[in-house]
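Below you'll find the structure, written out as structure tokens, and then a few comments.
The values are calculated or read from the model by the stated rules, or taken from the named source; none is laboratory data. These figures come from a predicted structure and were not determined experimentally. Here the Cβ is made from the backbone with ideal geometry for all residues, glycine too, and neighbour counts use every protein chain on show. All accessible areas refer to the heavy atoms of the entire protein, side chains included, with ligands and DNA or RNA removed. Shrake-Rupley method; radii C 1.70, N 1.55, O 1.52, S 1.80 Å.
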Amino acid sequence: MGPEDLKQAFKSHASTVELLSCLKAFPPKKISLTGLKGSSIAFIANSIFREIGGTHLFIVPEREQAAYLLNDLENVIGKERVLFFPASWKKPYDPEAIENANILYRSEALNTIEKGSNNLIIVTYPQALVEKVVTRDHLASNTFKLHKGEKTDSEFLIDFLTEYEFERVDFVTKPGEFSIRGGIIDVFSFSNDLPYRIEFFDNEIESIRSFEIESQLSIAYFEYIHIVPNIQNKLLRESRQSFFEFIPPSTVIWSHGESLNIDMLGKYYEQVCAAWEKNKNSLIRQLPPEESYISSELMRASLGTFRR
């Protein structure tokens, strides 16, 4: 039996049909699934996702577990529809513990949702959900949009990148960097896993493409792009909301051990509060826990508003 046979078997199974019926019911119900083994959840999710579409948020207790689930979902459903939403830090209130790669994943997820993309699967865990995110309006207003053929002063783009603390380098290698060579600006946005190369002819954007860092070879051409700064940046710290407020109200939440996930988030929130109390006198321009993070009580209340 091959993968397509497995997909069809799960799709036609009586339990999958019943689950689909429950998810379509109103008011939304909380549904419990038992007896799942191995990668079966990915095949069930594929059947439901293909039928009803929309946004689906998968929450598991630990990052490692999330990585395994992400791999399963990518293999069964396809990488183009599956996003990862990790924690941006290893230790709260420690600038040295921020992980740029994780900020890239978070920004990509937020930017994709904000653009109104349909049919998305997002995989996350409590340590990531405890962090608040920028609001949709704030993200949109601090995102630089570029279209091929439009007339844009390259100096204006450079000013934007500098204001939002992109670092000017000779060659871009990681998110948050940009370089300038004549009429070409390379920029590594926090919303894409490859850098962009923007070519200007006078004040007109002649071409936009992504490229490989090592080979410098072009990968794909674009009619328009969004350049997103570091969403953890101090310039964006004024407007924050929980991730549950950011995702569409119609989202289906798949929670592996809901009570455990809530407890895990509560433990992370306690760590955040302890770190704040220990270091708050030296934390310049940092927001206190209640403004930057969510509690387990808020998570529990938020979950109750979704189909899950």
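Gain on full extension, evaluated as 0.36 nm per residue between residue 19 and residue 171 minus their Cα-Cα distance, stands at 49.6 nm. With a ≥ b ≥ c the root eigenvalues of the C-alpha gyration tensor of region 245-295, is it rounded (a/c under 1.5), prolate (a/b larger than b/c) or oblate? In terms of gyration-tensor shape, oblate. For residue 174, a cut-off of 13 angstrom between C-alpha atoms picks up these aspartates and glutamates, skipping any fewer than 8 places away in its own chain: 99, 186, 193, 212, 214. Each Lys or Arg adds one and each Asp or Glu takes one away; over the other residues whose Cβ falls under 11 Å from the Cβ of residue 204, this sums to -3.
With Rh defined as the Kirkwood radius, the inverse of the mean 1/r over Cα pairs, the Rg/Rh of region 89-232 is 0.97.
If a/c stays under 1.5 just call it rounded; otherwise compare a/b with b/c (prolate if a/b is bigger, oblate if not). Do that for region 1-73, with a ≥ b ≥ c from the square roots of the Cα gyration tensor eigenvalues. All intermediate terms of the calculation are to be shown ahead of the outcome.
Details: a/c = 1.74, a/b = 1.12, b/c = 1.55.
In terms of gyration-tensor shape, oblate.
How are the C-alpha pair distances of region 113-175 spread across 10 Å bins, as whole percents from the shortest bin up? Pair shares across the bins are 14, 32, 38, 15, 1. The angle separating the long axis of helix 154-163 from the principal Cα axis of greatest extent in the chain is about 60 degrees. Computing Rg and the Kirkwood Rh from the Cα coordinates of region 153-308 gives a ratio, Rg/Rh, of 1.09. Rolling a 1.4 Å probe over the heavy atoms of the protein chains gives region 5-125 an accessible area of 50 Å² per residue. Take the Cα of residue 273, go 7 Å toward its beta carbon, and the backbone nitrogen atoms of region 286-302 under 11 Å from that spot belong to 289-290, 295-297.
Helices in the chain, meaning DSSP H runs of at least 4 residues, each add -39500 (n - 2.57). Divided by all residues, the mean residue ellipticity at 222 nm is -11500 deg cm²/dmol.
How much of the accessible area of region 1-95, probe 1.4 Å, is carbon plus sulfur, in whole percent? Write out the running numbers ahead of the final one.
Values: 2840 of 5400 Å².
Its accessible area is 53 percent carbon and sulfur atoms.
For every other residue with a beta carbon closer than 10 angstrom to the beta carbon of residue 303, add +1 if it is Lys or Arg and -1 if Asp or Glu, then tell me the sum. Within the 10 Å Cβ shell, the charges total +2. Per the Debye formula on identical point scatterers at the alpha carbon atoms of the chain, with no solvent, log10 I(q)/I(0) at q = 0.09, 0.14 Å⁻¹ is -0.51, -1.11.
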